[in-house]
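Note sheet for the following structure.
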Amino acid sequence: MCSPAANPERRARRFEFARRRLKCGASLWVLGLLSAQVFLSGDRGLASAATSPRALTLRLDDWEARIYPESLAVTGRMKSPANETAEKDTVLAQGAAQRSGVEDLETGPDHARWKIPDLGLIVEFKAEKHRLHIRFQADKDTKLPWPITGRDPSLSALIYPDGEGLYIPLDDKFWREIARREPCRDTHGGLSMPFWSYRWAGGTWTYLAVSDLQTTVCLSASGGRLTVRASHDFRERDGFPPYEIEIWPGGNSPVSPGLEYRQWLIEKGRYVTLDQKAHDNPEVSKLLGAAHAYVFGDGKSLGFLRELARLHVDRMWLGYGEDARQKDSLVGRDYIAEAKRLGYLVAPYDTFENAQDPKSADASESIWGAGLYPAGCIVTVRGEIQKGFAGRGCELSSEALALREPGERNLENRTAERASSGVNSYFLDSDAFGELFDDYSKAHPMTPEVDRRNRLARMRMIAENRGLVLGSEAGAAWSAPVIAFAHGTEAVSNEFLWPLERDRQNYGGWWPPARPAVFFKPVKPDEDFRKARYDPSYRLPLYQAAFHGSVVSLDRWETPITKFPSLTQVRILLELLYNLPSMWSLDLNELRQNEDAFRTLYDFFSPLHRALGDQPLTGFDWLTLDRTVQRTRFGDEIELTANFGRTPSRSLPPLCIEARWLKSGRRQLFCPQPFPRSSPAR
């Protein structure tokens, strides 16, 4: 049994969890193959889609799906192909080399249904306008490895919602090697959105894991190409909910899958815009045009606020941590009142995830009353307490908190205490990250579905009952209706950051408390880090295609814009192109040292985000074959064009971005300059 690692110290993210989630996914995939004994990854399975004599055809609005019940292979063909290539069948799901027996086959004009006794499955395919809906039902614990995708030679690139989004050519050697090292992600949090897509000559094909819980996708690099293999666990513990997938052909833009996922959410009534959130809480509108910063040391002083006012900054989100046991870490009511007077959002950091012995806890957020430690700890399948990172207390069960809340009001009292200072925002770490747990405690048993429901309920409590502008970590798609901003979504979640952060001598640690080096020490990353996380030719505004105008998203707090000086210009251009604020770590010294850079970036970004932050992203294009010149469009107002190259292109200088107002024709150019080197932590 693979169980995820627990939360690291305070805000240091789950290094071990990230690695173990990937390794666990890979091992479970192998187990799935052994248990099913029918699916192969070679060309025989691909061929079976074309040779099986028993095919069913379902006609959708603009394409036809051919389904092979014995092998579960699926092919698709467009009704009105855009070109000669699109006239051919595309293998959408690779078939099994060993066919299974089919019983009770029922067919109709828009559906097919049958049983596979060997696998204990009931299978249903249904044509729903232009989407093919597939549903599997099982009544025993089993793993189904389906679909296996990406082997059709007409497919050219993988569109993958890792954080903000990636565009990966299927034959790319660099990403094939990454796939070998970290192959698997769960679809409820390992991916920021529960789908994956492919680009081909006729547009895109998208696979949406409607059943995101207990579904894992694994990349494979066999045969010189990347493929994606999904698998789903049916568990009695969960009540055997069905496994549902939707497949559809989409537009030719590489962000079409994100735009189409947004439309799917709207149709299902699961989409909440920033305008709707601001209608319920007008303070949400203060996110528009705001830069984001975590403040440390004298960044919590009135003098710091005066510096911001002197720079004519009238929109900021300021986050802070404090510990009642350390008086010099506290933020005064006068600071909060002045920040609000200046028009800022000001938010305490909090987390409900960790519990420790109050006598030895290393963070005030881990101290709970009423004997919650250890009684409220998550219990693993082995009957052991799910420990925190490096033995720091335990992972606190959201179900234990929920069951105790009516009588003990732990969450109500915690949030009331923090809100009493007058804050107008709140950052709740971890809850939107997507890490969900099983709890085998007899006193508070919990499944990932229950865990997610509890997390959504307590986030709503803060946002709706408290009326605070709520943000959380990473912003997994299911959390978007309840959060207004997310820290970490703009990042790519591959493994290159974690080893760098663990090197405390190079990256910096959590000392001194008033200016932790992890936030303030500049680092020079290697080429693989740059390529995997910030190479514009691989990056896509995929999350923005779905959630721009719903959630304001940023990079991680421990990778502020000053952290990697060699990447600062490219990072700024990516953020501006996607219409996202930058993340800063600030005290008075850092603000003064980067005053010119901060002010010029704010002066360009803030008016644009006030105009566009609540608008949907409506277009994205590459303007050069090497994908170094890129363009976004938001609503019908503004186009942004960025040149990530080293030479001018279309009159746009290198490492510059231009905003063009579509109705007036006005243009504005911005060319970010390298920042001064930050001073080391004192």
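The values are calculated or read from the model by the stated rules, or taken from the named source; none is laboratory data. Note that the structure is a prediction, hence the values are computed from the model and not measured. Cβ placement follows ideal geometry from the backbone for every residue including glycine, while neighbour counts extend to all protein chains displayed.
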remark   = Filtering the stretch 208-258 down to residues that are polar (S, T, N, Q) and free of Cβ contacts under 8 Å to residues at least 40 places away in the same chain yields SER211, THR215
message = Step by step: first the residues of the stretch 645-659, then only those that are aliphatic (A, V, I, L, M) and at negative phi, then the one that is surrounded by the most Cβ atoms within 10 Å (Cβ to Cβ). Which residue is that?
response = ILE657
message = Given the criteria more than 21 Å from ARG539 (Cβ to Cβ) and in contact (Cβ under 8 Å) with a residue 60 or more places away in the chain, does SER606 qualify?
response = yes
task = Give the residues of the stretch 410-436 that are crowded, with 22+ Cβ neighbours inside 10 Å and either at pLDDT below 95 or of a type in the set (A, V, I, L, M, F, W, C) (or both), sorted by residue number.
result = VAL423, PHE427, LEU428, ALA432, PHE433, GLY434, GLU435, LEU436
request  = Go through the stretch 93-160 and tell me which strands (runs of 3 or more DSSP E), entirely inside it, have 1 or more residues that are surrounded by 17 or more Cβ atoms within 10 Å (Cβ to Cβ) and of a type in the set (Val, Ile, Thr).
outcome  = 111-116, 121-128, 131-138, 142-144, 155-160
task = Tell me, please, whether a residue that is within 30 Å of LYS531 (Cα to Cα), part of a helix (DSSP H, G or I) and more than 15 Å from the chain's Cα centre (by Cα) can be found in the stretch 458-466.
result = no
ask   = Among LYS79, LYS140, LYS126, LYS88, which is assigned by TED's automatic domain parsing to the domain that holds LEU226 and touching a His at 6+ places or on another chain (Cβ under 8 Å)?
value = LYS126
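Here's the yes/no breakdown for (1) within 23 Å of LYS268 (Cβ to Cβ); (2) at pLDDT 95 or above; (3) among the charged types (D, E, K, R):
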{"position": "GLY101", "(1), (2), (3)": "no, no, no"}
{"position": "GLU124", "(1), (2), (3)": "yes, yes, yes"}
{"position": "LYS129", "(1), (2), (3)": "yes, yes, yes"}
{"position": "GLN137", "(1), (2), (3)": "yes, yes, no"}
ask   = Being in a helix (DSSP H, G or I), in contact with a Pro (Cβ under 7 Å, 6 or more places away or on another chain), in contact (Cβ under 8 Å) with a residue 12 or more places away in the chain and closer than 26 Å to GLY619 by Cα, is that true of even one residue in the stretch 514-530?
value = no
ask   = Yes or no: LYS286 touching a residue at least 40 places away in the same chain (Cβ under 8 Å), of a type in the set (Lys, Arg), in contact with a helix residue (DSSP H, G or I) (Cβ under 8 Å, 6 or more places away or on another chain) and over 30 Å from THR380 (Cβ atoms)?
value = no
ask   = Would you pick out the residues in the stretch 273-287 that are within 23 Å of the chain's Cα centre (by Cα) and surrounded by fewer than 16 Cβ atoms within 10 Å (Cβ to Cβ)?
value = ASP275, GLN276
request  = Take GLY471 and decide whether it is closer than 28 Å to ILE657 by Cβ and touching a residue at least 60 places away in the same chain (Cβ under 8 Å).
outcome  = yes
query = Within the stretch 492-513, which residues are assigned to a loop (DSSP other than H, G, I, E, B) and either without any contact (Cβ under 8 Å) to a residue 40 or more places away in the chain or among the acidic types (Asp, Glu) (or both)?
reply = GLU495, PHE496, ASP503, GLY509
ask   = Only one of (1) part of a loop (DSSP other than H, G, I, E, B); (2) buried (at least 17 other Cβ atoms within 10 Å of the Cβ); (3) in contact (Cβ under 8 Å) with a residue 40 or more places away in the chain; (4) not β-branched (Val, Ile, Thr) fails for ALA642. Which number is that?
value = (1)
inquiry  = Can you tell me which of (1) closer than 21 Å to PRO525 by Cβ; (2) in contact with an Asp or Glu (Cβ under 8 Å, 6 or more places away or on another chain) is the one GLN615 doesn't meet?
reply    = (1)
request  = Please identify the pairs in which a residue from the stretch 410-421 that is in the same structural domain as ILE336 (by TED's automatic domain parsing) and among the β-branched types (Val, Ile, Thr) has its Cβ atom under 8 Å from the Cβ atom of a residue that is surrounded by 12 or more Cβ atoms within 10 Å (Cβ to Cβ) and assigned to a helix (DSSP H, G or I), counting only partners at least 6 apart or on another chain.
outcome  = THR415/MET461; THR415/ILE462
key: Meets criteria (of a type in the set (Lys, Arg), at pLDDT below 95, in the same structural domain as SER430 (by TED's automatic domain parsing) and more than 19 Å from the chain's Cα centre (by Cα)) for ARG515   = no
query = Considering LEU623, LEU608, which residue is crowded, with 16+ Cβ neighbours inside 10 Å and in the same structural domain as PHE564 (by TED's automatic domain parsing)?
reply = LEU608
Subset of the stretch 501-529 [over 24 Å from LEU591 (Cα atoms) and either crowded, with 16+ Cβ neighbours inside 10 Å or touching a Leu at 6+ places or on another chain (Cβ under 6 Å) (or both)] = PHE529
note = The condition from (1) crowded, with 20+ Cβ neighbours inside 10 Å; (2) assigned to a loop (DSSP other than H, G, I, E, B); (3) among the aromatic types (Phe, Trp, Tyr) that TRP478 misses is numbered (2)
query = Out of all the residues in the stretch 366-404, which are surrounded by fewer than 17 Cβ atoms within 10 Å (Cβ to Cβ), at pLDDT 95 or above and not aliphatic (A, V, I, L, M)?
reply = PRO374, ARG382, GLY383, GLU384
query = Across the stretch 548-573, which residue is surrounded by the most Cβ atoms within 10 Å (Cβ to Cβ) among those that are under 15 Å from PRO536 (Cβ atoms) and in contact with an Asp or Glu (Cβ under 8 Å, 6 or more places away or on another chain)?
reply = ASP555
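Conditions (1) under 28 Å from ASN594 (Cα atoms); (2) outside any loop (DSSP other than H, G, I, E, B); (3) in contact with a Leu (Cβ under 8 Å, 6 or more places away or on another chain), marked per residue:
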site: THR624; (1), (2), (3): no, no, no
site: ARG633; (1), (2), (3): no, yes, yes
site: GLU658; (1), (2), (3): yes, yes, yes
site: SER664; (1), (2), (3): no, no, no
site: GLN668; (1), (2), (3): yes, yes, no
site: PRO672; (1), (2), (3): yes, no, yes
